[in-house]
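The values are calculated or read from the model by the stated rules, or taken from the named source; none is laboratory data. Given the structure is predicted, the values throughout are model-derived calculations rather than measurements. Cβ placement follows ideal geometry from the backbone for every residue including glycine, while neighbour counts extend to all protein chains displayed. Surface accessibility is based on the protein's heavy atoms, side chains included, excluding ligands, DNA and RNA. Shrake-Rupley method; radii C 1.70, N 1.55, O 1.52, S 1.80 Å.
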Amino acid sequence: MESGKQNEYAAFEEKVRRTVYLDNLSPNVTESVVRTALDQYGTVKSVEFIPNYLEPRNMPQCALVEMEKEKQAIVVISTLSEFPFMMSGMPRPVRARAAVAEMFGDRPRKPGRQIRIRWLDTADPYFEVASKLKQLVKRHATETAVMLKHQLEKEEKLAKQQGETLKANYKKYEMIDSLMADGAARRLARCYNLRVSDDSGPSTFH
């Protein structure tokens, strides 16, 4: 029985080494988006999004991505750490690092490990330590929520600016196409003694 548990945990450790932890994902990112983005580095075996129970829904997501081989996971981590990597068109770069066993909700129990839980009396020397840790966790959660709120506001503003820029550029291209179609560009070219290339290829001025 113990040998079987050791083999199970050994297989789990191999899975951990093949897995990449992705952070700062856009809420719009789906499993298919992750697979498409990382397939260029190797075969993606599974994608598991980590639920966020403490923050509003529209917050950065995290995911565990298992690659087919450990080397592929190393390449993903190295590449995403060195270069900005965007997913789903959002302006925030995805972060990547090696996964650890504690990130897996379905991880098997480590052989030989025992967990003991007990209530602490107020007179216990560890009670004050536990109280300080509890307050620290609450403070950290509050600070994180504020930081993420500001981050989302900046991203929404940037996304709006990008959308407006895209619309403006599209209108410019439409105007150029219209000028070429009705002959206005050629008339202007004759006035300024410019030559316009023929219609068989892209229209350019010389």
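Taking a 22 Å limit on the Cα-Cα distance, which of the listed pairs Lys15/Lys71; Lys149/Lys171; Lys15/Lys45 fall beyond it? Could you put the intermediate results ahead of the total?
Values: Lys15/Lys71 12 Å; Lys149/Lys171 33 Å; Lys15/Lys45 10 Å.
In this structure, Lys149/Lys171 exceed 22 Å between Cα atoms.
So, for segment 118-194, what is the accessible surface per residue at a probe of 1.4 Å, expressed in square angstrom?
On the way: 7000 Å² over 77 residues.
Ligands and nucleic acids excluded, the result is 91 Å² per residue.
For Arg190 and Val146 in the same chain, what is the full-extension length gain: residue separation times 0.36 nm, less their Cα-Cα distance, in nm? Show your work: numbers first, answer last.
Values: separation 44, 0.36 × 44 = 15.84 nm, distance 6.06 nm.
Working it through step by step, the gained length comes to 9.8 nm.
For segment 118-194, with equal point scatterers placed on the C-alpha atoms only and solvent neglected, what are the log10 I(q)/I(0) values from the Debye formula at q = 0.19, 0.22, 0.25 1/Å, to two decimals?
For segment 118-194, the Cα-only Debye profile gives -0.89, -0.98, -1.05.
If I take every Cα pair under 8 Å that is 6 or more residues apart in segment 8-161, average their sequence separation and divide by the length, what percent do I get for the relative contact order? Each step should come with its number before you reach the end.
Working: 185 pairs, mean separation 42.5, N = 154.
Reported as a whole number, the value is 28 percent.
So, with a 1.4 angstrom probe, what is the percent of accessible area on segment 118-194 that is carbon and sulfur? Intermediate values should be presented prior to the final figure.
Numbers: 4300 of 7000 Å².
With neighbouring chains kept in place, the figure for segment 118-194 is 62 percent.
How do Met86, Met67 rank by accessible surface area computed with a 1.4 Å probe, from largest to smallest? Can you show the working numbers first?
Values: Met86 95, Met67 0 Å².
Output order, biggest surface exposure first: Met86, Met67.
Filter the trypsin sites (Lys or Arg not before Pro) in segment 74-157 to those in DSSP coil with at most 13 other Cβ atoms within 10 Å of their Cβ, and list the result.
Counting only loop positions with at most 13 other Cβ atoms within 10 Å, the trypsin sites (Lys or Arg not before Pro) in segment 74-157 are Arg109, Arg113, Arg116, Arg118.
Taking every pair of Cα atoms in segment 64-169, average 1/r, invert it to obtain the Kirkwood radius, and report Rg/Rh to two decimals.
Values: Rg = 21.5 Å, Rh = 19.0 Å.
Radius of gyration over Kirkwood radius for segment 64-169 works out to 1.13.
Per Stokes-Einstein, at 37 °C and 0.692 mPa s, what whole-number D in µm² s⁻¹ belongs to segment 1-98, with the Kirkwood radius over Cα pairs as the hydrodynamic radius? Intermediate results must be reported in sequence, preceding the final value.
On the way: Rh = 14.2 Å.
Estimated diffusion coefficient is 231 µm²/s.
Mind checking which of Pro93, Pro125, Pro51 has the largest fluctuation in a GNM of the chain, springs on alpha carbons under 10 Å?
Fluctuation is largest for Pro125.
Which residue fluctuates most in the GNM of the chain (Cα springs below 10 Å): Gly183, Gly105, Gly42?
Gly183
Going by alpha carbons, how many degrees (0 to 90, nearest 10) lie between the helix axis of 2-18 and the longest principal axis of the chain?
Helix 2-18 sits roughly 20 degrees off the main axis of the chain.
Starting from the exponent 0.38 and prefactor 2.2 Å, build the expected Rg for the chain from its residue count and divide its actual Cα Rg by it. Each step should come with its number before you reach the end.
On the way: Rg = 27.4 Å, N = 206, 2.2 N^0.38 = 16.7 Å.
Output field value: 1.64.
Rounded, prolate or oblate: which fits segment 94-156, taking a ≥ b ≥ c as square roots of the Cα gyration tensor eigenvalues, rounded meaning a/c under 1.5, else prolate when a/b beats b/c?
Values: a/c = 4.15, a/b = 1.32, b/c = 3.16.
Taking the square roots of the gyration eigenvalues as a ≥ b ≥ c, segment 94-156 is oblate.
Work out, step by step, the length gained on full extension between Glu14 and Lys134: first 0.36 nm times the residue separation, then minus their alpha carbon distance; give nm to one decimal.
Once the chain is fully extended between Glu14 and Lys134, it gains 39.8 nm.
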